[in-house]
Structure formats: C-alpha cells, structure tokens
Amino acid sequence: MNIRKYSHVIWDWNGTLLDDVAWCIKCINIMLARRGISTLQSLANYHNAFCFPIIRYYENVGFNFNSEAFEDVAKEYIALYHGGKSGNCGLHPNAEATLRLIHQSGATQIILSASETDNLLSQISEFNIAHYFDEMLGLSDIYAKSKVDIGLDYMARKGVDNALLIGDTQHDYEVAQALGADCVLVSSGHQSKDALLSCGVPVLDDISYVSKYISGELS
C-alpha cells in the first residue's frame, strides 16, 4: 500500500481505535444519577457536551466544581470506566485490519492518547495490537488536559516531519496543528461529524476508510 508522503501515522486511542463511546455515556450517566443531575438521553446529547479540556465537558453535563473538586470527579469516573475492562467496549470494526495494512506498508505507527499511561497500556494489552506500534504514549495523570507536549517530545526524539494524525475530536485537530502533522478525523467517536467538519480537514465516516485515504484512493 502506498501511504503517500507519511513516514509516521499517529493514532488517537479512545473513540478512534477503541469504540468506547457507549461505555463512556453509561459511566457518566451513573455519576450524574448519583448527584440527581439529568442524564444524557442520546448520542447527540453526548456529542454536544463532549470537549477538551475534560473539565469543560464535566461542566457541560452539569457538574458543579464549586461544590466538589474536579480531581475527585475524575477519579470517580476513571474507577467506573476501567472497572468494566474490555467487556464493555472493543476496537472499532476494521481497526486491526487497518493497523495491519499500514504496518505492512512500512510506516511507523504510534498511539498518542490523553489517557494516563498505565491505564492506556493496560487497555491496549487486552486487544493484542501492541506490536503494530513504535510507541504508545499517554499522560502522567488521569486529568486528560493535553497530549501536545508528549507528542512534540516524540516528534523531536524521532526527527519526524511528515506525519499524519488520525483522531475523532476537535482536540485531535488542535494537537495535529501543534505537531505540524496532517490530520484526518473519523466521525464514529466522541464528537459529531458536523463538529469535526468545522476543523476544515477530511472527515471519514469510520476507520475502514483510513487506509484508502492515506493510499490516495480518497481525496
């Protein structure tokens, strides 16, 4: 497969490779119900609320950080989310096939995630896909603020100057801009297609189109 000019393909994890949106909605709704706050009734409700930094997302769905600490809410969410393990979410259909095709092309693949590193590595290990990646990069804490710095460090260490970043949020586009990477977004994750189209980069309906895009079959 011809991968155009890209020597490196940088993958977001949650929502892009991992199909965890339904599980995320379930976890946040448990927390909202505990507080007597209206729960999210649809995927559209979730898409409208979700954003980075994550603290703004929590505020959008109704958490009040004048009455409780963001750090406590984040810990509660992570405990719920990771308590279920992979039985509650799997890889997107065709995710592994896409990783395999890109790997066979000779391009270097990495994961760049706003998840805490140990949680990220534990989750990836459940799917037997680690061998497709040069590195799997997460954050040092659970608060999901930004992955720009670890991305820049990787780019500098490896001398990367022709990368493609694949994600599912506007934040992934912002990260790509900061890294000087091209960007493609998939609309099967944590933000709606309309929100992603506002970034002005190609938006694919699902991960199955990624290999066709980077080989030049899709414009």
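Would you confirm whether or not the range 1-9 contains a residue that is within 18 Å of the chain's Cα centre (by Cα) and under 28 Å from Lys212 (Cα atoms)? Checking the range 1-9: at least one residue is within 18 Å of the chain's Cα centre (by Cα) and under 28 Å from Lys212 (Cα atoms). Consider the range 204-219 and keep the residues that are part of a loop (DSSP other than H, G, I, E, B) and of a type in the set (Ser, Thr, Tyr). The one that is most open to solvent (accessible area, probe 1.4 Å) is Ser219.
Selection of first residues in the range 187-203 that are of a type in the set (Lys, Arg) and of second residues that are not in a helix (DSSP H, G or I), restricted to Cβ pairs under 6 Å at least 6 apart or on distinct chains, gives the following pairs, ordered by first then second residue: Lys193/Ser187; Lys193/Val203. Once the range 185-203 is narrowed to residues that are in a helix (DSSP H, G or I) and open to solvent by 40 Å² or more (accessible area, probe 1.4 Å), the residue that is farthest from Trp11 (Cα to Cα) is Asp194.
Inspect all residues belonging to the range 31-50 and state whether any of them is on the phi > 0 side of the Ramachandran plot and open to solvent by less than 40 Å² (accessible area, probe 1.4 Å). So far as the range 31-50 goes, no, none of its residues is on the phi > 0 side of the Ramachandran plot and open to solvent by less than 40 Å² (accessible area, probe 1.4 Å). Considering (1) touching a residue at least 24 places away in the same chain (Cβ under 8 Å); (2) surrounded by 15 or more Cβ atoms within 10 Å (Cβ to Cβ); (3) not small (Gly, Ala, Ser), the lone condition that Glu126 does not fulfil carries the number (2). Residues of the range 46-73 that are within 17 Å of the chain's Cα centre (by Cα) and outside any helix (DSSP H, G or I): Phe50, Cys51, Phe52, Pro53. Of all residues in the range 138-155, none are farther than 15 Å from Thr98 by Cβ, modelled with pLDDT of 95 or more and not in a helix (DSSP H, G or I). Scanning the range 12-45 for residues that are free of Cβ contacts under 8 Å to residues at least 40 places away in the same chain and either part of a helix (DSSP H, G or I) or among the basic types (Lys, Arg) (or both) yields Ile25, Asn29, Leu32, Ala33, Arg34, Arg35, Leu43, Asn45.
Scanning the range 89-112 for residues that are open to solvent by less than 40 Å² (accessible area, probe 1.4 Å), part of a loop (DSSP other than H, G, I, E, B) and out of contact with any Ser or Thr (no Cβ under 8 Å at 6 or more places or on another chain) yields one hit, Cys89.
The values are calculated or read from the model by the stated rules, or taken from the named source; none is laboratory data. In this text, all values refer to a predicted model and were calculated from it rather than measured experimentally. Neighbour counts are summed over all protein chains in view; Cβ atoms, including those assigned to glycine, are modelled from backbone coordinates with ideal geometry. Areas reflect the complete protein model, heavy atoms only, side chains present, ligands, DNA and RNA absent. Shrake-Rupley method; radii C 1.70, N 1.55, O 1.52, S 1.80 Å.
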